[in-house]
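For reference, the structure discussed in these notes is given below.
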Amino acid sequence: MGALPLRRARVLIVDDSALMRELMGEILSHSPNLEVVGSAADPLIARERIKALNPDVLTLDIEMPRMDGLSFLERLMALRPMPVVVVSTLTQHGADTTLRALELGAVDYLPKPTSDLASGLSAMEAEIVEKVIAAAGARLRQRSGAIASAPRVLAPAASIDDRLIAIGSSTGGVEALQEFLPALPADSPPVVIVQHMPPGFTAQFAARLDKRCAVNVREAEDGLELRRGIAVIAKGGCHLTVVREGRKLRCHVFEGPLESGHRPSVDLLFASVARSAKARAVGAILTGMGHDGAKGLLCMREAGARTFGQDEVTCLIYGMPKAAKAVGAVECELPLGDLAHAVISVDIR
């Protein structure tokens, strides 16, 4: 599925709560780019309404009667792939379930307010509309739902040096990082990553990746020394930057205000890498909505770093790489499957 068509995107709301269906319907109907064509109280009803109404995008609750949302999503993506935005609580269980939904092929997720549903959803109106519109225009890729274990093969010693690899991603980044990180060798240069996620998600995401990667994947900690064979993911709700102490590079984790509309911010990470690693750095900006990372990647390129962008064909959402390319920050665009080899093997200046 390519760019959003000129007609309004057709939305089906799937949720067992009548109030939730009503409130989501009102919010999405406010957008001139969306048309709510129906709703369903459970996946079995949703299955019939998808056939009858042919929606462009679903919003999908996870915990429902008769069939849970994950089982329905897995069947849907196998039989009739379409853009799905899952709606889940931001609990530990909710985070794990949401990550599994993204692995199965959901485009994005929305947090379900745990109290005062009406005011909670009203405060999120802009985010809800933005994510559903973006999902409707997402470019879906074939997924199996399974993630292969990482190959335990070391790269030739000549391809490894003291470079630092910096990665930024957002919508679609869960899937992209699950392909990118397992392709890195166990003695990879250190990798620092900002993936837009709320608090409570990133520790579990890192743990899930760590089981499948040759590198050690962990959530960033303040003061952590960056060494070969380690990949750190910015903590949800906190910024991650890189600071130099003599010959050592360390993580700096802090809260601070939003930057480029986000915390963690790709722009802040990339700008810090430009200062601390200069031409010894390699940056890559992956799939995602918006423009976070464009300015920071440009700082990296101007400091002498090598810079890459994920190409449009393999992006779920070609927003962040497109914005970075537009300002001259991207030296070369590559398919997702080629990026891991590129950042490891490219000559650094």
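The values are calculated or read from the model by the stated rules, or taken from the named source; none is laboratory data. Small disclaimer: the values here were computed from a predicted structure and weren't measured. Here Cβ is always computed from backbone atoms with ideal geometry, including for glycine, and neighbour counts include all displayed protein chains.
Within region 195-235, the set of residues being part of a loop (DSSP other than H, G, I, E, B), modelled with pLDDT of 95 or more and within 14 Å of the chain's Cα centre (by Cα) comprises HIS196, ALA234, LYS235. Counting only residues that are modelled with pLDDT under 95, hydroxyl-bearing (Ser, Thr, Tyr) and touching a strand residue (DSSP E or B) at 6+ places or on another chain (Cβ under 8 Å), region 32-89 holds 2 of them. Can you find a residue in region 102-119 that is in a strand (DSSP E or B) and at pLDDT below 90? Yes. Pairing each residue of region 293-306 that is in the same structural domain as HIS196 (by TED's automatic domain parsing) and of a type outside the set (A, V, I, L, M) with any residue that is part of a loop (DSSP other than H, G, I, E, B) and buried (at least 22 other Cβ atoms within 10 Å of the Cβ), provided the two are 6+ apart or on different chains, yields C-beta distances under 7 Å for ARG301/ALA329. In region 209-230, is there at least one residue being in contact with a helix residue (DSSP H, G or I) (Cβ under 8 Å, 6 or more places away or on another chain), over 23 Å from VAL346 (Cβ atoms) and acidic (Asp, Glu)? Among the residues of region 209-230, at least one is in contact with a helix residue (DSSP H, G or I) (Cβ under 8 Å, 6 or more places away or on another chain), over 23 Å from VAL346 (Cβ atoms) and acidic (Asp, Glu), which makes the answer yes.
Taking region 284-336 as the region of interest, how many residues are among the charged types (D, E, K, R) and touching a helix residue (DSSP H, G or I) at 6+ places or on another chain (Cβ under 6 Å)? Going through region 284-336 one residue at a time, the tally reaches 2. Mind listing whichever residues of region 253-262 are buried (at least 16 other Cβ atoms within 10 Å of the Cβ) and either more than 21 Å from GLY309 (Cα to Cα) or not assigned by TED's automatic domain parsing to the domain that holds ILE193 (or both)? Matches in region 253-262: VAL253 only.
Yes/no per residue for (1) free of Cβ contacts under 8 Å to residues at least 40 places away in the same chain; (2) of a type outside the set (A, V, I, L, M):
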residue: MET77; (1), (2): no, no
residue: PRO83; (1), (2): no, yes
residue: SER88; (1), (2): yes, yes
residue: HIS93; (1), (2): yes, yes
residue: ALA106; (1), (2): no, no
residue: GLU125; (1), (2): no, yes
residue: ALA134; (1), (2): no, no
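Considering only residues in region 30-63 that are over 25 Å from the mean Cα position of the chain (by Cα) and within 19 Å of TYR109 (Cα to Cα), the one that is surrounded by the most Cβ atoms within 10 Å (Cβ to Cβ) turns out to be ALA46.
Here is the figure for region 312-338: residues that are assigned to a helix (DSSP H, G or I), hydrophobic (A, V, I, L, M, F, W, C) and either farther than 23 Å from ALA183 by Cβ or over 16 Å from the mean Cα position of the chain (by Cα) (or both) total 3.
Number of residues in region 288-311 that are over 15 Å from the mean Cα position of the chain (by Cα) and outside any helix (DSSP H, G or I): the value is 7. Determine if region 270-278 includes at least one residue that is among the hydrophobic types (A, V, I, L, M, F, W, C), surrounded by 24 or more Cβ atoms within 10 Å (Cβ to Cβ) and in a loop (DSSP other than H, G, I, E, B). Yes, that holds for at least one residue.
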